1. Just wondering, is there one or more residues in segment 57-68 that are modelled with pLDDT under 90, buried (at least 20 other Cβ atoms within 10 Å of the Cβ) and among the polar types (S, T, N, Q)?
2. Sort out for me the helices (runs of 4 or more DSSP H) sitting completely within segment 123-211 that have 2 or more residues that are modelled with pLDDT of 95 or more.
3. Conditions: (1) closer than 19 Å to CYS207 by Cβ; (2) modelled with pLDDT of 95 or more. SER25 meets all but one. Number of the miss?
4. Restricting to segment 193-213, name every residue that is closer than 14 Å to LEU28 by Cα and among the aromatic types (Phe, Trp, Tyr).
5. Please state which one of TYR118, TYR152 is closer than 12 Å to GLY51 by Cβ and crowded, with 22+ Cβ neighbours inside 10 Å.
6. So ASN127 clears everything in (1) among the polar types (S, T, N, Q); (2) surrounded by 15 or more Cβ atoms within 10 Å (Cβ to Cβ); (3) in contact with a strand residue (DSSP E or B) (Cβ under 9 Å, 6 or more places away or on another chain) except one condition, right? Which one?
7. If you take the residues in segment 107-122 that are among the small types (Gly, Ala, Ser) and not in a helix (DSSP H, G or I), which one is nearest to MET174 (Cα to Cα)?
Amino acid sequence: MLKDVTLFYSQFRDSFTTTGAIAPSSPLLGKAITHPLSQRPSRPVRVLEVGAGTGAFTRQILKHLRAGDQLDIYELNSRFCDYLRAHPPWQECALKGIFCRLHNADVRGVSTESRYDYIVCGLPFNNFEPEVVSEILSVLIERLSPEGVFSYFEYIFSHEFKSRFLKPSDRQRMIRVGAIVRAFIRKHQFGYRQVWLNLPPAKARYCRKAAQT
């Protein structure tokens, strides 16, 4: 756990664009963001995890997987990928008949033929350019199966807090990102859970291709 926190902090400091937190997500946030998997069907499922970091969500995802399931993990940060290879949460998956693959790559390059029943995203959207956020959200919702669930999280109050310390150009960028994310939420969100015991507190959001009200 200490190694997780140390690596996360170093990557937050050195790679702020792709690392949005100073510490790994708490187990409670992991449980919240993977909650849809607790209602999975009995048939084999395909899961995509984006932005795995040190594997906080990965470990929660694996608790729900069974023989015949497939997990694809996309992590752009090479340091995090090296850490995951050295400390693989999926070490016993092969023995259980679960197929796991780690990709040190941009998720926007995921095969157009791929469809996933569950997508779990840990990317820090507020750190990206608006065009990148729009592209990533479009790719993920397109790769979601018709009845699938896309889960991601955002930090509560982080937008208001961070905007106080940003230069005008970065503040405008965050405003544009916020508008893109809110439009996505209006179209696709069907539920959410707030997790106060996380650093910082966060909200797990659940989305489908078309939101059900």
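The values are calculated or read from the model by the stated rules, or taken from the named source; none is laboratory data. Note that this is a predicted model, so its numbers are computed, not measured. Methodologically, a virtual Cβ is constructed for each residue, glycine included, from the backbone with ideal geometry; neighbour enumeration extends over all protein chains shown.
1. Of all residues in segment 57-68, those modelled with pLDDT under 90 come to none.
The answer is no, given that none of the residues of segment 57-68 is modelled with pLDDT under 90, buried (at least 20 other Cβ atoms within 10 Å of the Cβ) and among the polar types (S, T, N, Q).
2. On the way: elements: 130-143, 158-163, 168-188.
In segment 123-211, the matching helices (runs of 4 or more DSSP H) lie at 130-143, 168-188.
3. Here SER25 meets the rest and fails (2).
4. Correct list: TRP196 only.
5. Details: TYR118 fails: closer than 12 Å to GLY51 by Cβ.
One residue alone meets the criteria, TYR152.
6. (3)
7. Within segment 107-122, the first condition is being among the small types (Gly, Ala, Ser), and the residues that meet it are 109, 111, 114, 122.
Then keep just the ones that are not in a helix (DSSP H, G or I); that gives 111, 114, 122.
Values: SER111: 29, SER114: 31, GLY122: 18 Å.
Among those that are among the small types (Gly, Ala, Ser) and not in a helix (DSSP H, G or I), it is GLY122.
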